[in-house]
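Some notes on the structure that comes next.
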Amino acid sequence: MKLVISDSHEGLKAAVAKVFKATWQRCRVHFMRNALAHAGKTQRRMVSAAIGTVFVQDSADAARSQWRSVADQLCGKFPKLGALMDEAENDVLAFMTFPRAHWAQIYSTNPLERLNAEIKRRTNVVGIFPNDASITRLVGAMMLEQNDEWSLNRRYMQLEGLQTLSDTVPTRLAAVAR
């Protein structure tokens with residue numbers, strides 16, 4: 001494992017460093033929520049647009065330079081936001097140390113959050129499960145379905161594209177459990 005993406009929970013960060021020895025990426029979406037909490041309602045659109053200029057840069061160096069520029073501009077009017085940006089720079093831009101082709105997929109936890117929402121939606125329909133095995137079958141089938149979608153769909157990373165980052169041979173899950 002080379003990268004773990006999450007919100008800024010201190011326990012998760014410590015576990016990533018200790019157990020996985022991986023790079024930790026602060027979810028960009030969670031960061032933006034935290035950042036916008038330091039701006040007034042009328043200023044949030046401007047702050048969001050200013051920070052957004054960082055993420056459209058073509059390189060990690062350009063993004064870091066833009067981050068510094070935006071943080072310096074905002075710190076006068078929003079000192080807490082400036083401090084947050086100073087503290088979070090490396091964590092929010094960690095994804096930029098990986099191949100550019102993967103940036104759109106690894107800057108946030110959105111794919112995982114979508115999957116969790118779908119699991120919740122489908123299990124809520126059932127309501128009460130007769131036993132643990134029935135939950136395992138439903139969620140397991142959903143995970144296999146998601147694996148197939150992520151493996152075949154270009155919206156998410158292809159396993160073959162990840163081989164450049166991995167020390168291990170990729171493994172594909174069978175469509176039907178044996």
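Readers should treat all values here as calculations from the given coordinates under stated rules, not as data from a laboratory. Predicted model only: the values in this text are computed from it and were never measured. Here Cβ is always computed from backbone atoms with ideal geometry, including for glycine, and neighbour counts include all displayed protein chains.
Sketch the reach of a paramagnetic label on Met46 as a point 7 Å from Cα along Cα-to-Cβ, and name the residues of segment 64-108 whose backbone nitrogen lies under 16 Å away.
70-82
Among all the aspartates and glutamates, which ones have a C-alpha under 17 Å from Lys13's C-alpha, if same-chain residues fewer than 8 places away are not counted?
Glu87, Glu89, Asp91
With a 10 Å Cβ neighbour count serving as the proxy for reagent exposure, in which order, fewest first, do Asp61, Asp91 appear?
Fewest to most other Cβ atoms nearby, the residues stand as Asp61, Asp91.
Magnitude of the Cβ-charge dipole of segment 2-158, K/R +1 and D/E -1, about the Cα centre, nearest 20 debye?
The calculated dipole for segment 2-158 is roughly 280 debye.
For segment 3-106, what is the largest minus smallest coordinate of the Cα atoms on each principal axis, given in angstrom and ordered from greatest to least?
So the three principal-axis extents are 41, 30, 19 Å.
At a 10 angstrom cut-off on C-beta neighbours, averaged per residue, how do the peptides 125-137, 16-28 rank from highest to lowest?
16-28, 125-137
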